[in-house]
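Colleague: Got a structure here, written out as structure tokens. Questions coming.
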Amino acid sequence: MALIFEKPSTRTRLSFEMGVYELGGHPVVLRPGEMQLSRGESARDTALVLSRQVAAVGMRTGPDSLLAELAEHAQIPVFNMLTALHHPCQALADLMTVREAFGTLTGLRLAYVGDGTNVARSLGILGTLAGMDVAIASPPGYSLEDDLSLPPGAEGSLTLYHDPREAASGAHALYTDVWVSMGDEAGAKAGGEAGGEAGAQERRAALAPYRIDDALLDAAAPDAIALHCLPAHPGEEITAEVLYGPRQRIWDQAENRRHVQKALLEFLLAA
Ligand code: CP
């Protein structure tokens, strides 16, 4: 199994590498600068060669177009380990964690509060496909696109809010992600937001009301759980009290990456 990481990772690398090992496979981890792709070899030629050597390939990269090009030319399954727009393997682990907590997904409300990231987008797509009502609250300028196309068969709903308490109201799971994503550390963001430290400060100020704390959890359902894809910045998007407290399932969620990804690999390779 080839696992191409063009960006840093702790959970995705550990869970895929150990998961492939547990399935009896051999993970080949390829990091930035280790492939001829970084020296200009095309995605097409890379896909053709990978198809002759491994059973499947996972890629973590920036541009979704690169992953799409690899998948177009590969003769083996290609899966997304995070791109600028999507983080589907994370969402699979998130749904598994909610189902572990409540025994079902259908009809449950999942509220995501914070920046409209790739994590939020994948939750919107996969959550609605699983029959959940997904509520996403973001400050103006940080929202997910309001015309996100949901997959055929999606029976849940996707609703965008600005008010985090409105989104959290009645939610079974309350979810957040970092305020400054990989690649945004310099504060740069599409749409003209100021760059550098000033941009990062502007972002933190806009997102501050969306922090998951005990008060926001109290606005959710009485048995609501807190989720976070990690890495976390305690005191920013989530308080340390929630991150390490009794209402979180965040560390189970991190473990579940391995379990659900093993199921994904079995599904892909059996197809
Ligand atoms: N949540 C997640 O993808 O973690 P890593 O970036 O550490 O892989």
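The values are calculated or read from the model by the stated rules, or taken from the named source; none is laboratory data. All values reported here derive from a predicted model rather than from experimental measurement. For neighbour counting, all protein chains shown are included, and Cβ atoms are generated from backbone atoms with ideal geometry for every residue, glycine included.
Colleague: So which of 97, 61, 83, 10 is exposed (fewer than 15 other Cβ atoms within 10 Å of the Cβ) and among the hydroxyl-bearing types (Ser, Thr, Tyr)?
Modeller: On the way: 97 fails: exposed (fewer than 15 other Cβ atoms within 10 Å of the Cβ); 61 fails: exposed (fewer than 15 other Cβ atoms within 10 Å of the Cβ); 83 fails: exposed (fewer than 15 other Cβ atoms within 10 Å of the Cβ).
10 is the lone residue from the list that is exposed (fewer than 15 other Cβ atoms within 10 Å of the Cβ) and among the hydroxyl-bearing types (Ser, Thr, Tyr).
Colleague: In this structure, is residue 221 part of a loop (DSSP other than H, G, I, E, B), at pLDDT 95 or above and either in contact with a His (Cβ under 7 Å, 6 or more places away or on another chain) or away from the ligand (no atom under 16 Å from the Cβ) (or both)? Can you show your working first?
Modeller: Working: part of a loop (DSSP other than H, G, I, E, B): yes; at pLDDT 95 or above: yes; either in contact with a His (Cβ under 7 Å, 6 or more places away or on another chain) or away from the ligand (no atom under 16 Å from the Cβ) (or both): yes.
It is true that residue 221 is part of a loop (DSSP other than H, G, I, E, B), at pLDDT 95 or above and either in contact with a His (Cβ under 7 Å, 6 or more places away or on another chain) or away from the ligand (no atom under 16 Å from the Cβ) (or both).
Colleague: I'd like to verify a number: residues in the stretch 249-271 that are outside any helix (DSSP H, G or I) and either within 12 Å of the ligand (Cβ to nearest atom) or closer than 16 Å to residue 100 by Cα (or both), how many?
Modeller: Just the residues of the stretch 249-271 that are outside any helix (DSSP H, G or I), to begin with: 249, 271.
From the residues that got through so far, the ones that are either within 12 Å of the ligand (Cβ to nearest atom) or closer than 16 Å to residue 100 by Cα (or both) too are 249.
Matching residues across the stretch 249-271 total 1.
Colleague: Name, by its number, the condition in (1) more than 16 Å from the ligand (Cβ to nearest atom); (2) at pLDDT below 95; (3) not aliphatic (A, V, I, L, M) that does not hold for residue 32.
Modeller: Failing condition for residue 32: (1).
Colleague: Test residue 148 against the stated conditions and say whether it is surrounded by 19 or more Cβ atoms within 10 Å (Cβ to Cβ), free of Cβ contacts under 8 Å to residues at least 60 places away in the same chain, away from the ligand (no atom under 16 Å from the Cβ) and not in a helix (DSSP H, G or I).
Modeller: Numbers: surrounded by 19 or more Cβ atoms within 10 Å (Cβ to Cβ): no; free of Cβ contacts under 8 Å to residues at least 60 places away in the same chain: yes; away from the ligand (no atom under 16 Å from the Cβ): yes; not in a helix (DSSP H, G or I): yes.
In short, no.
Colleague: Further question on the same structure: Which condition number in (1) part of a loop (DSSP other than H, G, I, E, B); (2) in contact with a Gly (Cβ under 8 Å, 6 or more places away or on another chain); (3) without any contact (Cβ under 8 Å) to a residue 60 or more places away in the chain is the one that residue 76 fails?
Modeller: (2)
Colleague: Quick one: in the stretch 71-129, which of the residues that are under 28 Å from residue 46 (Cβ atoms) and of a type in the set (Val, Ile, Thr) is nearest to the ligand (Cβ to nearest atom)? Step through it out loud before you land on a result.
Modeller: Just the residues of the stretch 71-129 that are under 28 Å from residue 46 (Cβ atoms), to begin with: 71-93, 117-119, 121-122, 125-126.
With the extra rule that they be of a type in the set (Val, Ile, Thr), the set shrinks to 76, 78, 83, 117, 119, 125.
Working: 76: 22, 78: 18, 83: 11, 117: 11, 119: 8, 125: 16 Å.
Across the stretch 71-129, the extreme among qualifying residues is 119.
Colleague: Also: Go over the candidates 178, 119 one by one and state the one that is in a loop (DSSP other than H, G, I, E, B) and crowded, with 16+ Cβ neighbours inside 10 Å. Show your work before the answer.
Modeller: Numbers: 119 fails: in a loop (DSSP other than H, G, I, E, B).
Matching residue, one of 178, 119: 178.
Colleague: Answer yes if at least one residue in the stretch 148-160 is in contact with a strand residue (DSSP E or B) (Cβ under 7 Å, 6 or more places away or on another chain) and modelled with pLDDT under 95, and no otherwise.
Modeller: As a first pass, look at the stretch 148-160 and keep what is in contact with a strand residue (DSSP E or B) (Cβ under 7 Å, 6 or more places away or on another chain): 148, 150, 156-160.
Filter once more, so that each one left must be modelled with pLDDT under 95: 150.
Checking the stretch 148-160: at least one residue is in contact with a strand residue (DSSP E or B) (Cβ under 7 Å, 6 or more places away or on another chain) and modelled with pLDDT under 95.
So that you can scan it fast, the table gives a plain yes or no per residue for (1) free of Cβ contacts under 8 Å to residues at least 40 places away in the same chain; (2) in contact with a Leu (Cβ under 8 Å, 6 or more places away or on another chain); (3) assigned to a helix (DSSP H, G or I):
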residue: 15; (1), (2), (3): no, no, yes
residue: 29; (1), (2), (3): yes, yes, no
residue: 48; (1), (2), (3): yes, no, yes
residue: 58; (1), (2), (3): no, yes, no
